[in-house]
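Heads up: the structure comes next, in structure tokens.
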Amino acid sequence: MVKPDGVQRGLVGKIVQRIEEKGFKIVAMKMTRMPVEKAREHYAEHVGKKFYQDLVDFITSGPSVSMVVEGRGAISAMRKMNGATNPAEAASGTIRGDMGIETGRNVVHGSDSPASAAREIALHFAESEILNYQRIDEAWLYE
Ligand code: DAT
Ligand code: MG
């Protein structure tokens, strides 16, 4: 997900480009303003933490772009491409390392496990919004 700061700063195209260049397949994508109820559910694991309310306020503050990204090892690779949670600690070459400064404005979200990916996809997408198609370069990406 490109968070509201990424959308406001005009970074959606660059982030989508990184995903495409890696070879991963975007099988669903949409811009929404996340409703507060969805945001609470999305960040349920952080309920009770001191930054929880700021997080919900921020993620619902404007449009964000959600994607379902498919490919071998996509979940862990996307986390690596996103970089460490705190952009100040994120490696150069990562989205957060290259495009962010502070933890509360860290540009992107990525699911952290198959279970959370399944949960988050079901939260943000209807099954009919997830497309099944072949990309022409697949034969050159996988052995
Ligand atoms: P990640 O987004 O890398 O999965 P997380 O799940 O631990 O990180 O936290 C979710 C978001 O909450 C994170 O992207 C930014 C915010 N956040 C995390 N830790 C924070 C902290 N100590 N202070 C303020 N915001 C924080
Ligand atoms: Mg997380």
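The values are calculated or read from the model by the stated rules, or taken from the named source; none is laboratory data. Bear in mind the structure is a predicted one, so any value in this text is a computation, not a measurement. Note: ideal-geometry Cβ built from the backbone for every residue, glycine included; neighbour counts use all protein chains shown. Keep in mind that these areas ignore ligands, DNA and RNA; they rest on the heavy atoms of the full protein, side chains included. Shrake-Rupley method; radii C 1.70, N 1.55, O 1.52, S 1.80 Å.
Contact annotation: residue pairs with Cβ atoms under 9 Å, 6 or more positions apart or on different chains, pairing a residue in the range 98-127 that is within 16 Å of Lys30 (Cα to Cα) and in contact (Cβ under 8 Å) with a residue 24 or more places away in the chain with a partner that is within 14 Å of ligand 2 (Cβ to nearest atom) and among the hydroxyl-bearing types (Ser, Thr, Tyr), are Glu120/Ser111; Ile121/Ser111. Checked against (1) open to solvent by less than 40 Å² (accessible area, probe 1.4 Å); (2) under 12 Å from the mean Cα position of the chain (by Cα); (3) within 10 Å of ligand 1 (Cβ to nearest atom), Val68 passes all but condition (3).
Pairs linking a residue in the range 62-85 that is in contact (Cβ under 8 Å) with a residue 24 or more places away in the chain and over 26 Å from Gln8 (Cβ atoms) to a residue that is in a helix (DSSP H, G or I) and of a type in the set (Ser, Thr, Tyr), with Cβ atoms under 9 Å and 6 or more positions apart or on different chains, are Ile75/Ser116. Restricting attention to the range 48-65, the residues being within 13 Å of ligand 2 (Cβ to nearest atom), open to solvent by 50 Å² or more (accessible area, probe 1.4 Å) and not aromatic (Phe, Trp, Tyr) number 1.
Just one of the listed residues (Gly104, Gly83, Gly110) is under 11 Å from the mean Cα position of the chain (by Cα) and within 15 Å of ligand 2 (Cβ to nearest atom), namely Gly110. Here Gly97 meets each of (1) within 16 Å of ligand 2 (Cβ to nearest atom); (2) surrounded by 14 or more Cβ atoms within 10 Å (Cβ to Cβ) with one exception, condition (1).
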